[in-house]
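Participant: Handing you a structure now.
All of the numbers you see were taken from the coordinates with simple rules; none came from a lab. None of the values given here were measured: they were computed from a predicted structure.
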Amino acid sequence: MTKKEYDKKYRQANKEKIAAKSKVYRKDNKEKLAAQKKAYNKANKEIKAASDKAYRASLNHDYCIYILPKERYIGVTKNITDRIRNHNSIELNTEGFRVLQYFDTRQEAGHRERWLHSKGYKGSVKQILEQR
């Protein structure tokens, strides 16, 4: 049995016990957790503002092309907030990301994305991770 499987089985068997401990921890460390949250929000203020702005603009369109400049990565998505969160979870540098253009159809966005890839931008997370 792998550690991941063991942990999952343990959490399922001890769900109530874990929930009770978590509740006590949150109650005992309320101020500390609030300070951590405040520090995190302050540190990520620029990223959140850009993400919120992109999300609001995307409500009028279906697809957007975005760039991660530090990775030289171009991508297409319907939901920029979730996509950036996904990139962060696999440790891509999303600092300074921008939405380049909005499109009403996937086909239009795909044409522009392929054109940008032909200009040297990466289009695969796998490419980026392999180069590290």
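Participant: Could you work out how much longer the chain between Asn14 and Arg26 gets when fully extended? Use 0.36 nm per residue separation minus the Cα distance between them, nm to one decimal.
Facilitator: 2.5 nm
Participant: Looking at the chain, what % of its DSSP beta bridges pair antiparallel, to the nearest 5?
Facilitator: About 90 percent, rounded to the nearest 5.
Participant: Past 27 Å, Cα to Cα: identify those pairs from Lys45/Lys78; Lys78/Lys122; Lys42/Lys122; Lys45/Lys70, in the order given.
Facilitator: Going by Cα-Cα distance, Lys42/Lys122 fall outside the 27 Å limit.
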